[in-house]
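Here's the structure, in structure tokens; my notes come after.
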Amino acid sequence: MTERDDAFDDPYVPGHLLEALASDERVGEQDLRVDVVGHRVLISGTVASEERRAAVEVVAREFLPGWDVRNLVDVVQRSGPVEREELA
Amino acid sequence: MIRIAAVGDIHVGEESADVFGPRPEALVEEADVLLLAGDLTRRGQRSEAEVLAVELRRTRGVPTIAVLGNHDYETDASAEVIAVLADAGVTVLEGTTQTVDTPGGRLGIAGTKGFGGGFQGASGAEFGEPEMKAFIAHTRTLANGLTAALTSLDRVAARVALLHYSPIESTLQGERLEIYPFLGSYLLAEAVDRGGAQLALHGHAHRGTEKGLTPGGTLVRNVAQPVLRRPYGLYCLGGDETSCGS
């Protein structure tokens with residue numbers, strides 16, 4: 001078994017992957033969530049661009065080879081109408 | 001009224017485009033000032049600040065004032081980020097002030113990134129290990145700087161506090177409770193209230209809520225772009241209501 005095969009039984013995979021995603025220069029995002037179900041890792045949250053969303057999956061697959069990585073990350077919505085609020 | 005456009009947490013990277021929406025030139029028609037509430041870049045790199053500078057050229061010279069956020073310190077190049085932004089005409093505040101003359105009156109802005117520590121009843125204290133004392137002392141130092149900056153603003157129609165970290169809990173609703181101490185500090189709210197601000201703007205909490213009040217009754221807006229779900233917030237402060245739309 002490889003070191004990463006042992007990782008299937010490691011309960012700290014979510015924390016370590018979140019650290020890797022935050023510190024990896026290709027991602028650098030903290031608004032992410034990692035859930036593990038068996039050998040499947042689900043990554044959700046919001047990032048600032050499509051390129052960064054794709055990078056999340058690349059980094060996760062590198063960090064957890066052999067895992068089933070599901071990229072559920074969204075890109076920030078910034079297309080809503082700009083409405084004025086009058087403050088008292 | 002003084003028309004304030006504000007947004008934070010734009011996390012500009014080298015690939016970023018249309019950060020202020022498809023028509024950033026509309027800002028000059030809609031707002032008297034643009035305030036940026038930190039996390040301007042993805043990792044605080046000069047190349048990212050340069051992309052932001054290009055985006056800001058599209059806002060047609062609306063007076064722009066900013067504070068940095070935690071992301072802007074990630075690669076220890078915050079001084080370069082500040083320099084690039086200064087070349088683009090952006091004033092970055094840290095315990096300092098900037099005034100902007102608008103048709104609605106003179107606006108005074110005091111800014112600080114701020115830091116964490118938590119909120120009343122669930123906050124850290126300058127107690128215990130040196131690292132813990134340093135953590136809370138840092139927040140207190142920045143909060144005191146904000147109070148001093150706000151109170152120094154003289155002969156202004158309105159005072160706005162610009163922060164990255166949050167001064168209150170209510171604009172964090174939606175974030176996990178366990179991370180509240182990493183999202184802001186009640187010391188920042190105390191600074192906002194003691195400094196006499198009419199409005200406090202912050203970012204940092206992407207899953208938070210837009211609207212809140214400090215314990216002293218000062219309006220607070222979480223302008224993190226993921227919270228707003230629009231290019232920026234637009235707030236009209238004080239003065240003649242009929243001028244808000246012009």
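Each reported figure results from applying straightforward, stated rules to the coordinates on display, with no laboratory input. Note that the structure is a prediction, hence the values are computed from the model and not measured. So basically every Cβ, Gly included, is an ideal-geometry build from the backbone, and we count neighbours across all protein chains shown.
Looking at the range B:130-167, the trypsin sites (Lys or Arg not before Pro) that sit in a DSSP loop and have at most 10 other Cβ atoms within 10 Å of their own Cβ are B:ARG155. Per the Debye formula on identical point scatterers at the alpha carbon atoms of the protein assembly as shown, with no solvent, log10 I(q)/I(0) at q = 0.07, 0.12, 0.14 Å⁻¹ is -0.29, -0.81, -1.08.
Counts of other chain beta carbons within 10 angstrom of each beta carbon in peptide A:22-29 average 4. For the peptides B:34-47, A:19-32, B:97-110, residues were scored by their other Cβ atoms within 10 Å and the scores averaged per peptide; the highest-first order is B:34-47, B:97-110, A:19-32. Take each residue in B:225-238, count the other chain C-beta atoms within 10 Å of its C-beta, and the mean is 5. What FRET efficiency comes out for B:ARG229 versus B:ALA88 if R0 is 25 angstrom and r is the Cβ-Cβ distance? Round to the nearest 0.05. Approximately 0.45, to the nearest 0.05. Per residue, the average separation of C-alpha pairs within less than 8 Å and at least 6 apart gives chain A a relative contact order of 27 percent. Mean sequence separation of contacting Cα pairs (under 8 Å, at least six apart), scaled by the length of chain B, corresponds to a relative contact order of 23 percent. Eigenvalues of the alpha-carbon gyration tensor of chain A, scaled by 5 and square-rooted, set the equivalent ellipsoid semi-axes at 32, 12, 11 angstrom, largest first. Put a dot 7 Å past each Cα toward the Cβ at B:GLU14 and A:TYR12; how far apart are the dots in nm? With each label point 7 Å from Cα toward Cβ, the separation is 3.3 nm.
Computed over the protein assembly as shown, the per-residue total of -39500 (n - 2.57) for DSSP H runs of n ≥ 4 gives a 222 nm mean residue ellipticity of -8000 deg cm²/dmol, rounded to 500. The length gained on full extension between A:LEU72 and A:VAL58, counted as 0.36 nm times the residue separation minus their Cα-Cα distance, comes to 3.7 nm. Extent along the principal axes, Cα only, for the range B:1-135: 52, 36, 22 Å, with the longest axis given first. A:VAL47: net charge of surrounding residues, Cβ under 10 Å, Lys/Arg +1, Asp/Glu -1, itself excluded? Surrounding charge for A:VAL47 is -2.
Taken residue by residue and averaged, Cβ atoms of other chains lying within 10 Å of the Cβ of B:40-51 number 2.
Which of the three applies to chain B, rounded, prolate or oblate, going by the alpha-carbon gyration tensor with a ≥ b ≥ c and a/c under 1.5 meaning rounded? Judged from the Cα gyration tensor, chain B comes out oblate (a/c at least 1.5, b/c at or above a/b).
Between B:ASP193, B:ASP32, B:ASP18, the GNM of chain B built on Cα springs shorter than 10 angstrom shows B:ASP18 fluctuating the most. Averaging 1/r over every pair of different alpha carbons in the range B:111-182 and inverting the result gives a Kirkwood radius of 13.5 Å.
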